[in-house]
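Remarks on the structure that follows.
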Amino acid sequence: MGRESGEGAEHLTARLFRTPSQVAMAREDLGRAQAAFESLPVRYRQAIVLHRLDGLTHAEIAEQLGTSAGAARNLVYRGLAAIGRALDAP
């Protein structure tokens, strides 16, 4: 599903949600999440991508970014927390 079959976010959103209002809300949330992600400092974005999309461990992220595993873990945690706060904001 999704990336493997070549579907875009629009098609996936339409398949996951049944009503037009559900689709609209999902698109709004996706837009807010994307904006929050893009507003993060580059190091936070890199750490999140390496962890969540590439599946790297904190130690592997640390090696890629030239930092310690603890610092890599903090980058991922703080970046995701910032996105969560942005999504919780009114």
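The numbers here are math on the coordinates, done by the rules we state, and not lab data. None of the values given here were measured: they were computed from a predicted structure. Cβ coordinates were reconstructed from backbone atoms using ideal geometry, including for glycine residues, and neighbour counts include every protein chain displayed.
Using the average count of surrounding beta-carbon atoms within 10 Å as a protection proxy, the listed peptides 76-88, 19-31 rank, highest first, as 76-88, 19-31.
Each other residue within a Cβ distance under 13 Å of Ala82 adds +1 if Lys or Arg and -1 if Asp or Glu, for a net charge of +3.
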